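Shown next, in structure tokens, is the structure this report addresses.
All of the numbers you see were taken from the coordinates with simple rules; none came from a lab. The shown structure was predicted, so the numbers you read here are calculated from the model rather than taken from an experiment. Positions of Cβ are generated from backbone atoms using ideal geometry, with glycine treated the same way; all protein chains shown enter the neighbour counts.
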Amino acid sequence: MRWDVFCAVVDNYGDIGVCWRLARQLFAEHGFAVRLWVDDLASFARLCPQLDPLAPAQVLGGVEVHRWHSGFPAEVAAADVVVEAFACHLPEPYVAAMAARPLPPVWINLEYLSAEHWVEGCHAMASPHPRLPLLKHFFFPGFGPNSGGLLRERDLIARRDAFLDDQESRGAFWRAAGFAPPARDAFVVSLFGYPNPAAGDLMRAFAAGDRPLVCALPDGPLLRGAAAFFGREDVQAGEELARGALVLRAMPFVAQDRYDELLWTSDVNFVRGEDSFVRAQWAARPLIWQIYPQAGEAHWTKLEAFHALYCEGLDAADAAVLGELWRAWNRANSVFDAWMAVESRLPAYQRHAESWCRRLAGQTDLASRLADFCMNRLK
Ligand code: TRH
């Protein structure tokens with residue numbers, strides 16, 4: 001069965017991060033022939049350094065990667081399944097090719113992830129094309145059995161556990177990033193986020209703790225914001241800055257698979273957007289989520305919906321304290337007290353992160369649900 005996945009990079013890395021993960025999994029675990037059409041290969045290359053951003057077509061991880069640009073070739077035949085990620089508009093000649101097939105393809109719009117209640121009601125709904133004999137299905141990722149599920153490779157949890165059991169692999173991760181492995185007694189926090197005026201305040205809280213804290217902050221605008229706390233205008237990847245209990249490590253932006261290792265090896269993960277947010281849940285560590293800000297403040301409802309769902313089974317006071325830090329970090333308010341309060345309750349958050357991860361891992365993953373959904377429609 002042939003699949004085409006179309007990805008328009010709106011900004012940052014989440015759109016391509018999700019599409020690349022899905023495309024690889026559809027090939028590797030389900031045996032489909034997958035073409036991935038991407039309009040921004042430069043962003044893609046940051047996640048996947050083997051990619052040649054100038055090549056119009058190349059094969060990576062078993063997936064045919066094509067540069068998608070205006071003037072889409074009319075001769076490209078439509079696949080059996082067409083995935084339009086995050087409502088990106090398919091090229092007109094391609095839509096015409098879809099309609100020209102004797103049996104129309106299964107057309108999927110892969111939506112953004114949300115924990116809101118309405119998601120399960122809208123998942124898998126169909127909408128006919130206004131002119132052509134085509135039907136588009138809305139596929140909503142989600143946390144429950146009646147949604148589209150979450151991306152998770154078959155061997156992910158086993159790979160995570162093997163990595164954590166192997167001191168050599170953990171050391172190799174840090175050395176490849178340009179650092180020595182952190183001292184045994186150091187507490188490690190990974191900090192991936194959007195530019196945030198509260199970054200300095202978070203550094204202040206980290207520096208004020210009573211045990212050594214290594215903060216691994218990937219290269220990007222947030223790193224430059226945090227540098228100001230050390231009286232620096234800029235920091236280069238590979239540099240280390242220290243103050244009080246805090247050592248800030250300016251991490252290089254690593255390949256997508258290596259980023260999982262950073263999440264696994266850290267004690268707490270600050271994540272953002274969609275893909276790093278999901279990966280942090282598979283890491284089974286306490287997480288602080290900076291949500292992608294949306295027009296009209298719509299993201300607050302999504303943040304609260306996830307907080308409510310995630311905290312089921314967590315003590316109410318612990319849930320409230322965690323929520324305060326999430327809100328403060330997203331509002332760019334002072335986070336000093338909120339971090340201190342969370343830090344004093346970390347064992348409870350760690351236990352909860354493990355049980356949350358187990359609960360999610362007991363469900364079928366997104367690629368398998370999507371494959372089943374499409375196969376059933378093609379029968
Ligand atoms: O980059 P993000 O903010 O992405 C997005 C986009 O902004 C998108 O438009 C928006 O709609 C969506 O979020 C919700 O955050 P995200 O989703 O976490 O994607 C980051 C990707 O980058 C993820 O696949 C992990 C990867 N990554 C690496 O590969 N190496 C790294 O060093 C780091 C820090 C991240």
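Observations, loosely collected:
- Beta bridges by DSSP in the range 156-361, antiparallel share as percent, to the nearest 5: 20
- Taking amide H positions as modeled 1.01 Å from N, with prolines and chain starts lacking one, no residue 5 or more places away or on another chain lies under 5 Å from G178.
- Cα-based equivalent ellipsoid, the chain: semi-axes from gyration tensor eigenvalues, Å: 38, 23, 19
- Dipole magnitude (debye, nearest 20) for the chain, charges at Cβ of Lys, Arg, Asp, Glu: 320
- Every helix of 4 or more DSSP H residues in the chain counts as -39500 (n - 2.57), and over all residues that averages to -12500 deg cm²/dmol at 222 nm.
- Average Cα contact separation per residue, the range 32-139, under 8 Å, 6 or more apart, as relative contact order %: 19
- Using a simple spin-label model with pseudo-atoms 7 Å out from Cα toward Cβ, R359 and N146 lie 1.7 nm apart.
- Extension gain for the segment L135 to A100, taken as residue separation times 0.36 nm less the Cα-Cα distance, is 11.3 nm to one decimal.
- Remark: relative contact order (the range 282-379) = 38 percent; criterion is Cα-Cα distance under 8 angstrom and separation of 6 or more residues.
- The residue list A341, L60, L246 was ranked by how far each Cα lies along the charge dipole of the chain toward its positive end, using unit charges on Cβ atoms, and L60 comes out on top.
- For W37, the residues 5 or more places off, or on other chains, whose built amide H falls under 5 Å of its own are V5, F6, C7, H66.
- DSSP beta bridge pairing in the chain, given as percent antiparallel to the nearest 5: 20
- The HN-Hα couplings worked out from phi for the range 290-302 by the Karplus form 6.51 cos²θ - 1.76 cosθ + 1.60 (θ = phi - 60°) are 9, 7, 5, x, 10, 4, x, 6, 4, 5, 5, 5, 5 Hz, whole numbers, x standing for Gly and Pro.
- The value of relative contact order for the chain, using C-alpha pairs under 8 Å at least six residues apart, is 14 percent.
- Shown is the FRET efficiency for E239 and D210, computed with R0 = 30 Å from the Cβ-Cβ distance and rounded to the nearest 0.05: 0.75.
- Beta bridges assigned by DSSP with both partners in the range 109-267 are antiparallel in approximately 35 percent of cases.
- Using the Karplus relation 6.51 cos²θ - 1.76 cosθ + 1.60 with θ = phi - 60°, the per-residue 3J(HN,Hα) values for the range 76-86 come to 6, 7, 6, 7, 6, 10, 10, 10, 9, 7, 6 Hz, with x marking Gly and Pro.
- Integer Hz, Karplus 6.51/-1.76/1.60 couplings in order for the range 138-151, x for Gly and Pro: 9, 10, 9, x, x, 9, x, x, 9, 9, x, x, 10, 5
- Separation of alpha-carbon centers, the range 106-153 and the range 297-371, rounded to whole Å: 24
- Principal semi-axes in Å for the range 156-361 [√(5λ), Cα gyration tensor, largest first]: 24, 21, 16
- In this structure, the amide hydrogen of Q290, modeled 1.01 Å from its nitrogen in the peptide plane, lies closer than 5 angstrom to those of V271, R272, G273, counting only residues at least 5 positions away or on a different chain.
- Basic side chains Lys and Arg get +1 at the Cβ, acidic Asp and Glu get -1 at the Cβ, and with that the dipole of the range 156-361 about its Cα centre reaches some 40 debye.
- Highest average packing first - 51-63, 263-275, Cβ atoms within 10 Å: 263-275, 51-63
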